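Visitor: Before I ask anything, here is the structure I am working with.
No value in this document is a laboratory result; all are computed from the given coordinates. Note that the structure is predicted; figures quoted are calculated from it, not measured.
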Amino acid sequence: MKLILFALFALVVGMVIACAGTSKGEAYFNKGVDFSEQGLYAEAIQMYDKAIEINSKDASFYFKRGFAYDLLSEYPKAIEDYRKAIELDSKYGNAYFNRAKIYSVLGQDEQAIEDFNNVLIISPKDADSYFGRGLAYDLLSEYPKAIEDYSKAIELDPKYGVAYFNRGLIHSNLGRYQQAFQDFNKVVELDPDHDEAREERQYAATSLWSQTASSASTVSEPKRESTSSSKQKVIISSTSKNTATQPTRPAVPETKTKPTTTPAQEVISPTASKIIPTQDVITLPLIPSPNADEIKAID
């Protein structure tokens, strides 16, 4: 009987010590979060290090430290911490998502696609992941797959301006000027100040007129400086989701260019141009004139 009581006592003491250790680890973790919110990422990492020393089985500790490394552009360390978080929690969607975006920034598009695939298994209605995977396909010149993913992102989020823009660039570079015009027109509807979309819309309208006219005459398609669609893409930033499980919609979307990334907040999405729609929209005529005043392609 005494032996049983002693064993129970030892068990209780062990549980108390374990709880105390966990509590102390969470205290360091919370300090790390506070430092991160102040933009003190190096100090935050030191706190996360101590938290992990006490409790090395908490996936969120590794994720948050990885996120801090991510914000400091220390990508190898960030990737390793995201990997550890995934190892501890195979459904850690945000870890897959952030790692995918780092891979995209580093030009490792195949790896990015694999991680976006995993996010979509966990969260099949995440528009950002469809956009990110579409961008990776786009940069690999797998245009049908890119268009499909951009379209899915738009289906899930009809105000996904950058998805319209990137899809429009593919259509334009493939000579599908009607579809390109419609996509760029939608971008202008969402963001009237998007000058590049206006220029691309004008080019698509003029090209469509030339393409139509050439079927009955010798008029040639307007000349344009050769530019691959991937070089014009709006690229997602390397840092994004900072919640514990499922991806969330950011409050302030940002647009980045590859490979430069300057994270400005803890939750950054690849989404761009989500602007309140206006009435500044035009309708494409059946045979648009190359004259800007006639087709009203530029207000």
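Visitor: Given H placed on each backbone N at 1.01 Å, which residues far from H194 in sequence or on other chains put an amide H within less than 5 Å of it?
Guide: none
Visitor: For the range 91-214, what class follows from the C-alpha gyration tensor (a ≥ b ≥ c being the square roots of its eigenvalues): rounded when a/c is under 1.5, otherwise prolate if a/b is larger than b/c, else oblate? Don't skip to the end; give the middle numbers.
Guide: On the way: a/c = 2.59, a/b = 2.02, b/c = 1.28.
Cα axes put the range 91-214 in the prolate bin.
Visitor: List the relative contact order of the range 63-214 as a percent without decimals, with contacts defined as Cα pairs under 8 Å and 6+ residues apart.
Guide: Details: 188 pairs, mean separation 17.6, N = 152.
Once divided by the residue count of the range 63-214, the mean separation gives 12 percent.
Visitor: In whole Hz, what ³J(HN,Hα) sequence does the range 36-45 give by Karplus (6.51, -1.76, 1.60; θ = phi - 60°), x for Gly and Pro?
Guide: 4, 5, 8, x, 9, 6, 5, 5, 4, 4
Visitor: What percent does the relative contact order of the range 34-137 come to when contacts are Cα pairs within less than 8 Å and at least six residues apart?
Guide: 17 percent
Visitor: Distances longer than 13 Å among the Cα atoms of the range 129-193: what percent of all pairs is that?
Guide: Details: 1178 of 2080 pairs.
Counting every Cα pair in the range 129-193, those more than 13 Å apart make up 57 percent.
Visitor: Mind checking Rg over Rh on the range 61-105, alpha carbons, Kirkwood formula for Rh? Numbers along the way, then the final one.
Guide: Numbers: Rg = 9.0 Å, Rh = 9.8 Å.
Taking Rh as the inverse mean 1/r over Cα pairs, Rg/Rh reads 0.92.
Visitor: Filter the cross-link list K91/K186; K91/K159; K50/K152 down to pairs whose alpha-carbon distance in this structure exceeds 31 Å.
Guide: Working: K91/K186 35 Å; K91/K159 28 Å; K50/K152 42 Å.
Going by Cα-Cα distance, K91/K186; K50/K152 fall outside the 31 Å limit.
Visitor: Now, a different point. Can you give the three extents of the C-alpha atoms in the range 31-160 along their principal axes, from longest to shortest, in whole Å?
Guide: 48, 27, 24
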